[in-house]
Amino acid sequence: MFILKIFYLVIFVFKGLKEKLNKAISKLTEKIYSKGEGDPQVSEREFKKEYYNKEPKYDKDVKDIESTKDIVDNIDTVDNKDKLKESIGEKKYEVDKSSESQEESKEKIGFLDRFKITKTIKRALGKDVVLSEEDIENVLEELELELLEADVAYDVVEKIITSLRNQLVGRKIGPKENPEEITINALKNAIKEILSQRSINIYKIIEEKKKLNEPTVIVFVGINGTGKTTSIAKLAYLLKEKGYSVVLAAGDTFRAGAIDQLEEHAKNIGVKVIKHQMGGDSAAVIYDAINHAKARGINVVLADTAGRQATNINLMDEIRKVIRVTKPDLIIFVGDALAGNDAIFQAEEFNKAIGIDGVILTKVDADAKGGAALSIAYAIGKPILFLGVGQRYKDLEEFNVDWMVNKLFGDEEGSVYSTEREF
């Protein structure tokens, strides 16, 4: 009997970009505290009330506590050495186990409680702080270089830096405010501004075309090797799962094996392919697929095209002809997240040549930098529609700004993706 084992990996999507943003947050926050003469503070009584839910019994264990470290040392003497080391990062403490009654009566501090410990230890500003441009200029210059290293497009970097400068310079921060939250929110706002393109609801477009008894026609463009054909198959699978009927058009008549590859995907997901012979007219293939869909009441036509560089004049003339003849409802550019700034340049060139409506970004699960995902939509002024995140037909995620912001600023350590392959 054959047993299929499926493994899952925790992938740190956009890890490099996230680390650089967190580094900037830390430095900007420290700058605010430094200017406001902030010191670490903790309320001993609040701490004991939180974790013991009663007044302390062991006066000898808590007396003369004058600093946060004393509190940590003291509690660690009551059999919590390992857990407190994890939560606060202290390396070694003296452990006093002389009183078994103390050990038995003290409540154990669990995983969630350790987060509460961290939140209890605070820093407080000693006075109002107003940031000047000089205060943050060095941090912003360093962030600018690090974002460029993460494949963030130059125009996007400038937009982020300008947004941060506008939000922070001259801002009055009072002792009751949280400088870290202010810094994080400023960066979040800057990222959201970058990703503020008009969204496209592909399902709404399909429904509107259905009311007219017409198929929705989507043409996919891009260079070779970005995952264009695979993305078509994934989207076909997704649309079928949502109850739509789909037909594929084998418009890539240039690349050897392209038609066979699309037919194999179609067989796996249970849809039909309209094809001509190798070397045929791509526009004619897609036109026939549209007529096939109209005759049979099929909801969506997904059209493959040959991969091409935007600098190839002949092939770009061909794709213009495809667009002119088929009049698609959507033109989707498929880009490789791992290509970084190259993917951004390619998207810009295709957008100039034929006008792109949206983007599918592939191989995002392998993209540690994150620059392309952050930059490509801003560069062409068109939204990211989907993200390819694995090698199964269902590994296509609908993109939204909150998802991206959560990946960059959320507490989660990584995303879990399957290693299973279906193609």
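The values are calculated or read from the model by the stated rules, or taken from the named source; none is laboratory data. As the structure is a prediction and not an experimental result, all values here were calculated from the model. Ideal geometry is used to build each Cβ from the backbone, glycine not excepted, and the neighbour counts take in all protein chains shown. All accessible areas refer to the heavy atoms of the entire protein, side chains included, with ligands and DNA or RNA removed. Shrake-Rupley method; radii C 1.70, N 1.55, O 1.52, S 1.80 Å.
Selection of region 196-219 for residues being open to solvent by 10 Å² or more (accessible area, probe 1.4 Å) and not in a helix (DSSP H, G or I) yields Ser196, Gln197, Arg198, Ser199, Ile200, Asn201, Leu212, Asn213, Glu214.
Among the residues of region 131-159, the ones that are open to solvent by less than 10 Å² (accessible area, probe 1.4 Å) and either assigned to a helix (DSSP H, G or I) or not small (Gly, Ala, Ser) (or both) come to 8 in all. Return the residues of region 11-28 that are at pLDDT below 85 and open to solvent by 80 Å² or more (accessible area, probe 1.4 Å); say none if nothing qualifies. Hits for region 11-28 are Phe12, Lys15. None of Ala289, Ala284 is open to solvent by less than 10 Å² (accessible area, probe 1.4 Å), aliphatic (A, V, I, L, M) and more than 31 Å from the chain's Cα centre (by Cα) except Ala289. Whenever a residue of region 255-266 is among the β-branched types (Val, Ile, Thr), its partners that are open to solvent by 80 Å² or more (accessible area, probe 1.4 Å), lying with C-beta atoms within less than 8 angstrom and at least six residues away or across chains, give the pairs Ile259/Lys275; Ile259/Met278.
If you filter region 185-195 down to residues that are open to solvent by 20 Å² or more (accessible area, probe 1.4 Å) and free of Cβ contacts under 8 Å to residues at least 40 places away in the same chain, you find that the one that is nearest to Asp155 (Cα to Cα) is Glu193.
Of all residues in region 271-285, those that are within 20 Å of Tyr237 (Cβ to Cβ) and outside any strand (DSSP E or B) total 2. Has region 353-365 got any residue that is of a type in the set (Asp, Glu), more than 20 Å from Thr229 (Cα to Cα) and either modelled with pLDDT under 95 or touching a Pro at 6+ places or on another chain (Cβ under 8 Å) (or both)? No, region 353-365 contains no residue that is of a type in the set (Asp, Glu), more than 20 Å from Thr229 (Cα to Cα) and either modelled with pLDDT under 95 or touching a Pro at 6+ places or on another chain (Cβ under 8 Å) (or both). Checked against (1) under 23 Å from Ile206 (Cβ atoms); (2) of a type in the set (S, T, N, Q); (3) outside any helix (DSSP H, G or I), Thr311 passes all but a single condition, namely (1).
Can you find even one residue in region 160-173 that is surrounded by fewer than 14 Cβ atoms within 10 Å (Cβ to Cβ), touching a strand residue (DSSP E or B) at 6+ places or on another chain (Cβ under 6 Å), modelled with pLDDT under 95 and not in a helix (DSSP H, G or I)? Yes, that holds for at least one residue.
When residues in region 295-313 are screened for being within 19 Å of Ala266 (Cβ to Cβ) and either open to solvent by 60 Å² or more (accessible area, probe 1.4 Å) or among the aromatic types (Phe, Trp, Tyr) (or both), 2 of them pass.
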